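Read the structure below first, then the notes.
The values are calculated or read from the model by the stated rules, or taken from the named source; none is laboratory data. What you see is a predicted model, and the numbers here were worked out from it, not measured in a lab. Positions of Cβ are generated from backbone atoms using ideal geometry, with glycine treated the same way; all protein chains shown enter the neighbour counts. Side chains are part of the model used for accessible areas, which takes the heavy atoms of the whole protein and leaves out ligands, DNA and RNA. Shrake-Rupley method; radii C 1.70, N 1.55, O 1.52, S 1.80 Å.
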Amino acid sequence: MKLRGTGSLASIDCAPGRFDHARMLRFRVFTFLLLALVSLRGFGQESDSAKFFDSARQQIADIRKQLGDDVEPAQLNDFSDLATSIGTSADAIASDRAPKLDGLDARIAELGPPPAKGSPPEAADIAAQRTALNQQRAALDAEIKRAKLLKVDSQQLLTQIDEARRAGFQARLSQRTPSPLTPVFWKNIASALQEDSARLGALRSGVASALGDAFAPDNRVYAIAGIAIGLLLIVFGRWWAERALMRLTADRVPHGRLRRSALALAVVVVATVFTGFGAQAMAIGLDWHDAFSETEKQLVRALINAVFFGSFVAGLGRALLSPSRPSWRLPSISDDVATSLRGIPFALGGAVTLSIMLRRINTIVGASISATVAASMVGAVLYAGIILWGVVRIGRVRRRVLREVAAGAEPPSYSFWAHAAIFAVAIAAVIALVAAAAGFIAFAQFVAALDVRLLIVGGAFYLLVRLIEDLFSTLVAIRTKWMQETLGVQPRALDQAAVLMSGAFRLVAFLFALSLVFSGFGSGRAELSALGTQIGSKGLTLGQIEITPDAVLGAMAVCLFGLLAIRALKRWLHDHYLPTTSLDPAMRTSVTTLLGYVGGVVVIAVALSELGISVERIAWVASALSVGIGFGLQAVVQNFVSGLILLVERPVKVGDWVALGDIEGDIRRINVRATEIQMGDRSTMIVPNSELITKTVRNVTLANAQGRVQVRLPMPLDTDADLVIAEMREAFASHALILDNPALSVTLDGIQNATLIFVGVAFIDNPRQAGAIRSEILLDILSRLRERKIAMVAPQSVSFQPVSKGPAQTDVPFGT
């Protein structure tokens, strides 16, 4: 195998019988069809799996032979993907055959043991069936063993690939060439310049000839149309799409942060899609009649891919900076900084495109090592220079702001982490330049590319996280009213669910971003892929319980939809069905609460069963917990049982006015462990349920919910008692909430402290309104007595008279 160039897109000339891309592609197609057959119905014939085993073993052997050579990282990634797909397919075969093997064992067990020697032979049909079943079992057992062995081989091959990747990565980083600051470096380039110029000239001639053919009379119209469409897409199409999406987000997207994140995503998508497809349209028009050879087509495909990626980088930076629309900007960046960095995204996108094309051209033409090193140096210096250019511009803005602050302006707020990130990026760029100057071109290119990769991945991750958070918060805000009315879900619970879901998606995005960053270290991709394959196929084993992603997702779905269904059923019963029955409101609350307890237990049991935890294991866990309950959870269990007694026996119920020792108020809720009692001052007292069962409780509204209103009125001794009684009776009777039955009563209760004591007693429906109604009646009585000019009891006073002075005296009210 001959490797040409050191870039990640090196071309490989494969000798006959060696591993090549065509064979790998054919094997991947075969593997895909194999997995489809396994997932749908299994293999129809044993030869299908036998062909797969033979082909997979041959592929593994071919890969192992080539690992001893100097293999490029791109080729190692292909090897790793192929080994992973082989292991996944082998795992699928073993999983598919295992249930069938268990079924055959069960059928053989039903036939019983074969007759011993000397015993009468069994029936011919039974013997034939036993022989056929044993043959089928042997074939299935052999397939399972071969699949497991192939799985082990693929895992070992992955380990060897990882070792080769690490070794090659370390070797490339440690390579040193003559410094670009010395004449030796340029002398090496000059010595290979003639050969490289010839190769590049051949490519240039081929491209010029292809362009001439593209503008031939039979293809000229298509070429011009393709170029025109491409330019329209890149220039006017992108401009129109951005403004259309901006109007769409302003009109259709709800008010809030989602508008900004959605517009930023739209800017990235539009910049990437329209620019990339514009280049694609130009290529299609020029090659409408196959004017390009295979070499030119490779170059065009590389250019289109580079344009896609470069436009993505430029669009991402432009969306995050948003220099022309500060109010739509996502990150906390000042307008001055955003304006000063306006050209950085376009420069970085162009540098990425140029670096990709340089590596790809070197690969296509088979450039010399000197040319490849020079291209790597150009990419590293270009990346580091653009980054340092941006850092310098940020520094200029900061120095100007500091001068303004010294002149009396308000100091802006700075983020420590933002400054730390800028400092780290700048240090990495300086390291890349120093390494390039010292001759460590590969190391410089790695550091500079990693610096750019961190910027791109970090920006994309930030945009994705903000979009996810804004999307979930907006969806919750839109559907809060419907969820609250339909399912009875409180807004706080919806907010918590939104935070949890956004956190889960943020974790997935973070792992994906982490894998993209680690892919530049020559490691990490295979480990994450192998771990994902293992978890996805077999799951994790905890003791005797095997937890798979399907089981976890199924259990989560059962919990989510089961609890939502129970909540919706409770709300329907409480709001629609139970009001049509003869049950009082408190009994309706008790019924719905008990239903929630029972439904919750059923949902949890079904979720545990979906997770693979059987009822027997749950019973063992309950038995183990009973010991703990006996020692430390007695009070909890006692309160729980007491709560069930309160809901069933109902000595007190929701809405009752109860008195328990010094606690007096209305019962608002009976929970699993405690009961909430609302006091007169609107505070809530949490009382354990066992207190309401084991202690004396005064229930004011248990048997008769009527309240009594009593008014005591002191009057002078010379008052007309009959007239006062009549006025009091009229005041009571005129109030709308006083009941006719029991009848009101107004009496002269007695004489006390030289006053007549009149007492009026009446009854109302709600005892909680007794205080307010008593005040209203008392005010009415006082008003009536004033209209009748009936004197009230006057406050007593004490007179003090000085001894030395005659007639002067002072009246001081009693008690002052």
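Tabulated results
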read-out	value
Filter result (in a loop (DSSP other than H, G, I, E, B) and open to solvent by 50 Å² or more (accessible area, probe 1.4 Å)) within the range 743-765	ALA743, ASN753, ALA754, ASP765
Among (1) under 28 Å from ASP54 (Cβ atoms); (2) in contact with a Pro (Cβ under 6 Å, 6 or more places away or on another chain) - the single one PHE185 does not satisfy	(1)
Conditions (1) without any contact (Cβ under 8 Å) to a residue 60 or more places away in the chain; (2) surrounded by fewer than 19 Cβ atoms within 10 Å (Cβ to Cβ); (3) part of a helix (DSSP H, G or I); number of the one not met by ARG97	(2)
Residues of the range 597-639 satisfying the condition of being modelled with pLDDT of 75 or more, open to solvent by 60 Å² or more (accessible area, probe 1.4 Å) and not hydroxyl-bearing (Ser, Thr, Tyr)	VAL598, VAL601, VAL602, ILE604, VAL606, GLU610, GLN638
Selection from the range 229-251 of residues that are free of Cβ contacts under 8 Å to residues at least 40 places away in the same chain and more than 21 Å from PRO326 (Cα to Cα)	VAL235, PHE236
Those residues of the range 566-596 which are small (Gly, Ala, Ser) and either buried (at least 16 other Cβ atoms within 10 Å of the Cβ) or over 28 Å from the mean Cα position of the chain (by Cα) (or both), in sequence order	SER582, ALA586, SER590, GLY596
Within the range 769-816, considering residues that are part of a strand (DSSP E or B) and open to solvent by less than 70 Å² (accessible area, probe 1.4 Å), the one modelled with the highest pLDDT	VAL798
Test: residue in the range 336-343 that is in contact with a helix residue (DSSP H, G or I) (Cβ under 9 Å, 6 or more places away or on another chain), acidic (Asp, Glu) and either crowded, with 17+ Cβ neighbours inside 10 Å or over 30 Å from SER205 (Cβ atoms) (or both)	yes
Answer from ALA437, ALA429, ALA442 - the residue that is open to solvent by less than 30 Å² (accessible area, probe 1.4 Å) and touching a residue at least 12 places away in the same chain (Cβ under 8 Å)	ALA429
Selected residue (criterion: nearest to THR372 (Cα to Cα)) from residues of the range 100-120 that are part of a helix (DSSP H, G or I) and open to solvent by 40 Å² or more (accessible area, probe 1.4 Å)	LYS100
So ALA128, is it free of Cβ contacts under 8 Å to residues at least 60 places away in the same chain and assigned to a helix (DSSP H, G or I)	yes
Some residue of the range 297-305 being surrounded by 14 or more Cβ atoms within 10 Å (Cβ to Cβ), over 29 Å from ASN362 (Cβ atoms) and of a type outside the set (Lys, Arg)	no
Leading residue by the ranking (modelled with the highest pLDDT) among those in the range 52-70 that are under 24 Å from ARG359 (Cβ atoms) and open to solvent by 10 Å² or more (accessible area, probe 1.4 Å)	LEU67
Residue identified as at pLDDT below 50, hydroxyl-bearing (Ser, Thr, Tyr), more than 30 Å from SER376 (Cα to Cα) and under 41 Å from the mean Cα position of the chain (by Cα) among SER11, SER49, SER39	SER39
Criterion violated by GLY408 - all others in (1) open to solvent by 60 Å² or more (accessible area, probe 1.4 Å); (2) in a helix (DSSP H, G or I); (3) more than 29 Å from SER261 (Cα to Cα); (4) out of contact with any helix residue (DSSP H, G or I) (no Cβ under 7 Å at 6 or more places or on another chain) satisfied	(2)
Pairs, first touching a residue at least 24 places away in the same chain (Cβ under 8 Å) in the range 326-337, second open to solvent by less than 50 Å² (accessible area, probe 1.4 Å) and in a loop (DSSP other than H, G, I, E, B), C-beta under 7 Å, six or more apart	TRP328/SER322; ARG329/SER322
Members of the range 705-722 found to be outside any loop (DSSP other than H, G, I, E, B), farther than 19 Å from ASP765 by Cα and open to solvent by 50 Å² or more (accessible area, probe 1.4 Å), listed by number	ARG712, PRO714, ASP722
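One line per residue, one yes/no per condition, for (1) among the aliphatic types (A, V, I, L, M); (2) without any contact (Cβ under 8 Å) to a residue 40 or more places away in the chain; (3) more than 18 Å from ARG318 (Cα to Cα):
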position: VAL381; (1), (2), (3): yes, no, yes
position: VAL391; (1), (2), (3): yes, yes, no
position: PHE423; (1), (2), (3): no, yes, yes
position: ASP451; (1), (2), (3): no, no, yes
position: VAL457; (1), (2), (3): yes, no, no
